[in-house]
Amino acid sequence: MEVLGYVVGETTVSRAVFVSKSTPRRGQYVELFYDGKNVLGMVQGLIHGSVSLTEDIHDASVVEKIKSLEKGADRYLKGVVTILGDVETLRVPDVPPPPGTEVYRARRSTLSKIFGEDLGRTGRGVRLGVLISDSSVPVYLDVNRMVSRHLAILAVTGAGKSNTVAVLAERIVGIGGCVVICDMHSEYADLSFSNGGKVHFLAPRMNPVNMSVAEMLRLLRIDRGAHKQERYFRKAWREALDAFRSSGSGELLELVRRNLERMLDEAPRGDRGSIQGVINKIEDFVDRYGDLIDYGLPDVVEQLRPRAANVLDLGSLDEEAADAVVSHYLRRILQARKDKARTGVGLDFPVFVFLEEAHILAPKDRQTLSKYWIGRIAREGRKFGVGMCLVSQRPKALDPDSLSQTNNKIILRLVEPSDLRYVQQASELLSEDLLQQLPSLNVGEAVVLGLMVKVPALVRIDGFAGHKGGGDPDIVSEWREGGVVEGGDEDLLEV
Ligand SMILES: Nc1ncnc2c1ncn2[C@@H]1O[C@H](COP(=O)(O)OP(=O)(O)OP(=O)(O)O)[C@@H](O)[C@H]1O
Ligand SMILES: [Mg+2]
């Protein structure tokens, strides 16, 4: 084993500083032997100092003089190690490492064991990437724990969130899983997998017959405070649904509209404005989304394919409508899994749902329908095999309750101090040292935390080998191909 250095100074059970013989690397793992145990640690900070070139020198010529005398001999490198625990149990020993303890470079065999070699072999894990500090060590995620304890993927724009989603989706499908991707910007419209896994595209159509009253109110943009409108809509909706169910045909929304028109004649004068308002909203809705309404569309449960990535393309909807559709999917998935547990009839397989742009679906400062169901899945999903992954480039705009209920986190580059603080508050496992790594990560590099890994890891995530649109666009080529470059302005003026 290679000795990297020796522990010096005061130590605690969770932290030690060592003087290093060579430059340790960020995120590097080390092994120490003390208290009769083989203990794993991670280098989370580096210090480069000089005994003679101290901060209280204020004169450059003094520095030059000292430099010419000491010739680098006074410099030192120290690594700050976080003690992660005994390599067998990952329990932190009760005593701190004694000064003088050797700090060894962690062996590949130790690391492979910790980062889930066995999960990969047994098909109970999916590979995410490799350790940044040692690219020969693959990192596997425990899928049971990822799905049952939920996940958040957070990073600035362009850092690699969607790439991570695609990699995970491909590999979960590869072990026979079912994922749903709520694709807010049609980024996955061309998704295909390199491992032959199935991709099933769900049209963003909706069947009003299967929607709840709350979902319809949101789709119609009937405000929460508009009590009269809501009351009339509920009544007209209920009656229309009864009529629809007994006849088994017709256009439900048209029936609702007719009911409202009848009420318009019968209602007190003071209520007519509200009823007319609801009629207008139904007409607006049909104008806007007429193409998307499909009375023949089966329930969500029948639309989802097992052993596949089910991509729900929401790119053509505005935010309110996307919220209603996503909420509808989340509600039906959770309910159908509960039905399955209770009665044996329902959704037959567990589902992992990726929610892109989660800060729109579950914002911090507004109530949305999806936020309610995200909260329900966060709390109840574990028991029924419904997991979710919140994906966001604006963590601080995300609902803090939803975020803190995701036990697992993949945090790629994150720069803004307010985002960093917010993420730290929502993740008890994110140490100050790891937090400081986040702004300097490269594209595709991440801090990975939670029950799905045995210890926190700095990971270089694999590039997605399949096909997916939505990468960084080549703007210059698009301009060139647009033909605006040659010919100059005159050409444009002629048109
Ligand atoms: N692990 C990786 N390996 C190789 N390339 C990567 C990796 N992660 C991301 N990239 C590349 O970086 C670019 C941006 O990645 P991606 O679209 O995943 O970012 P994003 O965080 O989802 O951005 P946005 O917030 O805009 O949705 C893409 O071209 C992608 O192919
Ligand atoms: Mg993205």
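The values are calculated or read from the model by the stated rules, or taken from the named source; none is laboratory data. Predicted model, so just to flag it, every value in this text is computed and none were measured. Glycine gets a Cβ as well: all are built from the backbone with ideal geometry, and neighbour counts include every protein chain shown.
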Next item on the list: Select from region 2-47 the residues that are in contact with a Gly (Cβ under 7 Å, 6 or more places away or on another chain) and of a type in the set (Lys, Arg) and list them in ascending order.
Entry: Lys21
Margin query: When you scan region 451-461, do you find a residue that is in contact with a strand residue (DSSP E or B) (Cβ under 8 Å, 6 or more places away or on another chain), away from ligand 1 (no atom under 16 Å from the Cβ) and not in a loop (DSSP other than H, G, I, E, B), even just one?
Written below: no
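Would you mind stating whether Met216 is away from ligand 2 (no atom under 16 Å from the Cβ), farther than 24 Å from Phe244 by Cβ and assigned to a helix (DSSP H, G or I)?
no
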Check: Scanning region 132-157 for residues that are at pLDDT below 95 and either surrounded by 17 or more Cβ atoms within 10 Å (Cβ to Cβ) or acidic (Asp, Glu) (or both), which turns out farthest from ligand 2 (Cβ to nearest atom)?
Finding: Asp134
Check: List, please: which pairs have Cβ atoms under 8 Å, are six or more places apart or on different chains, and start with a residue in region 267-281 that is in the same structural domain as Leu253 (by TED's automatic domain parsing) and end with one that is outside any helix (DSSP H, G or I)?
Finding: Ser274/Ala226; Ile275/Ala267; Gly277/Ala226; Val278/Leu220; Val278/Ile222; Lys281/Leu220; Lys281/Arg221; Lys281/Ile222
Check: Which numbered condition trips up Glu170, out of (1) closer than 26 Å to Asp318 by Cα; (2) buried (at least 23 other Cβ atoms within 10 Å of the Cβ)?
Finding: (1)
Next item on the list: Please state which of the following conditions Leu451 fails to meet, knowing it meets all the rest: (1) buried (at least 22 other Cβ atoms within 10 Å of the Cβ); (2) farther than 18 Å from Thr157 by Cβ; (3) of a type in the set (A, V, I, L, M).
Entry: (1)
Note to self: Here are the criteria: (1) surrounded by fewer than 20 Cβ atoms within 10 Å (Cβ to Cβ); (2) touching a Lys or Arg at 6+ places or on another chain (Cβ under 9 Å); (3) not assigned by TED's automatic domain parsing to the domain that holds Glu10. Tell me which single one Ser112 does not satisfy.
What the structure shows: (2)
Next item on the list: Please verify whether region 140-148 includes one or more residues that are among the β-branched types (Val, Ile, Thr) and under 21 Å from Arg460 (Cα atoms).
Entry: yes
Note to self: Condition first: buried (at least 24 other Cβ atoms within 10 Å of the Cβ) and either assigned to a loop (DSSP other than H, G, I, E, B) or not aromatic (Phe, Trp, Tyr) (or both). Now tell me which residues in region 329-355 satisfy that.
What the structure shows: Leu330, Ile333, Arg337, Leu347, Val351, Val353, Leu355
Notebook entry, point to check: Residues Leu191, Leu128, Leu168, Leu141: which one is in contact with a His (Cβ under 9 Å, 6 or more places away or on another chain) and hydrophobic (A, V, I, L, M, F, W, C)?
Noted result: Leu191
Checklist line | Candidates Ala426, Ala397, filtered to the one that is in the same structural domain as Lys338 (by TED's automatic domain parsing), within 16 Å of ligand 2 (Cβ to nearest atom) and farther than 30 Å from Lys340 by Cα | finding: Ala397
Margin query: Among the listed residues Arg231, Arg171, identify the single one that is of a type in the set (Lys, Arg) and away from ligand 1 (no atom under 15 Å from the Cβ).
Written below: Arg231
Next item on the list: Determine whether Glu261 is of a type in the set (D, E, K, R) and within 16 Å of ligand 1 (Cβ to nearest atom).
Entry: no
Next item on the list: Identify the residue in region 18-33 that is crowded, with 19+ Cβ neighbours inside 10 Å and not charged (D, E, K, R) and, among all such residues, is nearest to Pro93 (Cα to Cα).
Entry: Leu32
Check: Name the pairs: first residue in region 427-449 and of a type in the set (Gly, Ala, Ser), second residue part of a helix (DSSP H, G or I) and more than 11 Å from ligand 1 (Cβ to nearest atom), Cβ to Cβ under 8 Å, at least 6 apart or on different chains?
Finding: Ser427/Ser404
Note to self: Exactly one of these conditions fails for Val326: (1) β-branched (Val, Ile, Thr); (2) over 18 Å from Tyr422 (Cβ atoms); (3) in a loop (DSSP other than H, G, I, E, B). Give me its number.
What the structure shows: (3)
Notebook entry, point to check: Any chance region 198-206 includes a residue that's within 16 Å of ligand 2 (Cβ to nearest atom), of a type outside the set (A, V, I, L, M) and more than 19 Å from Leu355 (Cβ to Cβ)?
Noted result: no
Next item on the list: Kindly list the number of the only condition in (1) touching a Lys or Arg at 6+ places or on another chain (Cβ under 8 Å); (2) touching a residue at least 60 places away in the same chain (Cβ under 8 Å) that fails for Phe193.
Entry: (1)
Notebook entry, point to check: What are the residue pairs meeting all of these: first residue in region 378-406, first residue within 16 Å of Gln335 (Cβ to Cβ), second residue within 16 Å of ligand 1 (Cβ to nearest atom), Cβ atoms under 7 Å, and 6 or more apart or on different chains?
Noted result: Met388/Leu355
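For every residue, the table says whether it meets (1) within 16 Å of ligand 2 (Cβ to nearest atom); (2) at pLDDT 95 or above; (3) under 22 Å from Gly41 (Cα atoms).
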position	(1), (2), (3)
Ile410	yes, yes, yes
Leu458	no, no, yes
Gly471	yes, no, no
Arg480	no, no, no
Next item on the list: Kindly indicate the residue of region 378-400 that is within 16 Å of ligand 1 (Cβ to nearest atom) and of a type in the set (Gly, Ala, Ser) and also surrounded by the most Cβ atoms within 10 Å (Cβ to Cβ) among those meeting that condition.
Entry: Ser392
